[in-house]
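A.B. asks: Right, I'll just put the structure down here and ask away after.
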Protein chains: 2
Amino acid sequence: MKLIFLGTGAAVPTKKRAHASIALKINGEVLLFDCGENAQRQMMYTEVSPMKIKNIFISHLHGDHILGIPGLLQSMAFAGRKEEINIYGPVGTKEMMIHALSVGYHGINFKVNVYEINSKEAVKIIDNEKFEVYAFPVKHSVPSYAYVFKEKKKPRLDINKAKALGVKVGPDLKKLKDGIPVKLEDGRVIKPEEVLLPPKKGICVGYSGDTVPIEEFGKFLKELGCGVLIHEATYDNTLKENAIETMHSTVEDAIKIAEIAKVETLILTHISARYDDDISIYEKQIKEYNGDMDIIIAEDFMVYDLKKKTCSISILD
Amino acid sequence: MKLIFLGTGAAVPTKKRAHASIALKINGEVLLFDCGENAQRQMMYTEVSPMKIKNIFISHLHGDHILGIPGLLQSMAFAGRKEEINIYGPVGTKEMMIHALSVGYHGINFKVNVYEINSKEAVKIIDNEKFEVYAFPVKHSVPSYAYVFKEKKKPRLDINKAKALGVKVGPDLKKLKDGIPVKLEDGRVIKPEEVLLPPKKGICVGYSGDTVPIEEFGKFLKELGCGVLIHEATYDNTLKENAIETMHSTVEDAIKIAEIAKVETLILTHISARYDDDISIYEKQIKEYNGDMDIIIAEDFMVYDLKKKTCSISILD
């Protein structure tokens, strides 16, 4: 399971940073958080397959977070996509999508489901066998949501205990793992709860979108047991006034929320264009932090392996 | 005066080729022909300043030629642009622009003038002191126009003749050059036509947009005395059937029109994604051409100097 940073810039892109877009690659599926202009082509240099994107989560309706959608969908259509796609975003996303698909002619012949979120508190928007996704209202100049992905883990099977109870290796073990009771040859019935251990902790990642620092968001991540927070840090600490004025966060703000969340790793993104030539002030301000948390400044084409907890830059030729 | 190729791909972009967009840089001004997704960021790697774009010419309303417009305009606004911008395109461009500027929130506070072209023959759409631009209807699956840029040159001054007639070096020479008669100290009046030579030939460049080969377009370029034709060649000659079906051109088609036009240089662009790994079939088919014309396969970030007639790849760090 990997995070792939397709775009880590802010309102104005730079030579180094494309507009916001982050892919979460899980088994056979990609979740896309924001879709700034050119996300489709950024993907080509990574291991992200656009055809495997089933869900796109839009934090808010500013151009730098959405203008990659029409081109991405058009290229999916050219590639013969038939599978439907889900787009989640704040109120206004449906109207935005109508306009996005009306910019010129298009031949999109797969279903685009648009779900508008309208909630003043955390709300679960996806709940399937493999994972849950929550939207959490944050505060920006326009309605904006953070998103949290939480992997579901199945209970583990205590094989030794099962064997001791007389369950034979084979289909019966799978049944028990899947929560189905099993009848043994001697007539005894073994219930799953007799042989199941509590599941391992699943991976949990939060993404702030664009926002001022929201302590409640940190608390929510802590409740879920999140290990990784991707938080916007548009400005360095010396530009706190700019951050307040434009309703963004600084390095310090992001650290504060990550500390509340008690995550292991904080990844800073949505970096203002003004730092393109020199990001050293971020590095300095991060060094001043004395806690245990790992703090990473995202870069385009950065890959964060959520299992191995390693970070690398990977650009496919 | 230079052509800067920002995007040379076709419907689906590739790692090497962005969506269609070509900049023509003249003194203090940029003319942009098509504006595919990410044109704004492609520009950053070139000498094209988005703030110097006064006119955008849209060949047709397919996504790969227009989806860079909203992001480009938004970034211009962020950079404080106040100057108005002109957008030319086929009927439907006004509606397209309404949608393009309604994809999410935006704060564009300069005037965007949209001019729809609706003509069955060549029509002059710009005529100023420095240049003319013509739109020429071509044939694609949707209404589509080619564009032709033609530089205007002022008559040259025959300084020796002027001196022989008694005109002194100084403001009088400028007046004559500007077409204003001059009265000498001895009372004689020198008329401009007495000292002016015919102007040098201005630079003239045609851009086909997406189209099947149109002989009339070639003839029109010949009439104007065009030296350079940028023609789409989505397919190599072996895929003529695909070209017919999708209403595009092959290498051979483009050469045919360029031959009719009698241009010195033909630049092929809008290259299908299928040739991304291997363009050698284009090179082979170009070698089979026996004429005098230079034929160039465009690449992203290629710069063609229209005065020096030289070609290079230039990517700014």
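The values are calculated or read from the model by the stated rules, or taken from the named source; none is laboratory data. These figures come from a predicted structure and were not determined experimentally. Every residue, glycine as well, gets a Cβ built from its backbone with ideal geometry; the counts of neighbours run over all protein chains shown. Calculation scope for accessible area: heavy atoms of the full protein, side chains included, ligands and nucleic acids excluded. Shrake-Rupley method; radii C 1.70, N 1.55, O 1.52, S 1.80 Å.
A.B. asks: Within region A:269-278, does at least one residue satisfy the condition of being at pLDDT 95 or above and within 17 Å of the chain's Cα centre (by Cα)?
C.D. replies: Among the residues of region A:269-278, at least one is at pLDDT 95 or above and within 17 Å of the chain's Cα centre (by Cα), which makes the answer yes.
A.B. asks: Name the residue, out of B:Ile271, B:Ile260, that is in contact (Cβ under 8 Å) with a residue 24 or more places away in the chain and open to solvent by 10 Å² or more (accessible area, probe 1.4 Å).
C.D. replies: B:Ile260
A.B. asks: Considering only region B:78-110, how many residues are more than 9 Å from every other protein chain (Cβ to nearest Cβ) and over 18 Å from B:Asn55 (Cβ atoms)?
C.D. replies: Number satisfying all stated conditions: 4.
A.B. asks: Residues that are assigned to a loop (DSSP other than H, G, I, E, B), surrounded by 20 or more Cβ atoms within 10 Å (Cβ to Cβ) and within 9 Å of chain B (Cβ to nearest Cβ): does region A:15-28 have at least one?
C.D. replies: Yes, because at least one residue in region A:15-28 is assigned to a loop (DSSP other than H, G, I, E, B), surrounded by 20 or more Cβ atoms within 10 Å (Cβ to Cβ) and within 9 Å of chain B (Cβ to nearest Cβ).
A.B. asks: Which of (1) touching a residue at least 40 places away in the same chain (Cβ under 8 Å); (2) within 30 Å of A:Ser102 (Cβ to Cβ) does B:Glu151 not meet, given it meets every other one?
C.D. replies: The single condition B:Glu151 does not satisfy is (2).
A.B. asks: Does A:Gly63 fit the bill of being more than 26 Å from A:Lys15 (Cβ to Cβ) and at the interface with chain B (Cβ under 7 Å from one of its Cβ atoms)?
C.D. replies: The answer is no for A:Gly63.
A.B. asks: If you don't mind, another one. So which residues in region A:38-84 are buried (at least 24 other Cβ atoms within 10 Å of the Cβ), among the hydroxyl-bearing types (Ser, Thr, Tyr) and out of contact with any strand residue (DSSP E or B) (no Cβ under 8 Å at 6 or more places or on another chain)?
C.D. replies: A:Ser75 - this is the single residue of region A:38-84 that is buried (at least 24 other Cβ atoms within 10 Å of the Cβ), among the hydroxyl-bearing types (Ser, Thr, Tyr) and out of contact with any strand residue (DSSP E or B) (no Cβ under 8 Å at 6 or more places or on another chain).
A.B. asks: Using the structure shown, decide if B:Lys111 is exposed (fewer than 13 other Cβ atoms within 10 Å of the Cβ) and over 22 Å from B:Met44 (Cα atoms).
C.D. replies: yes
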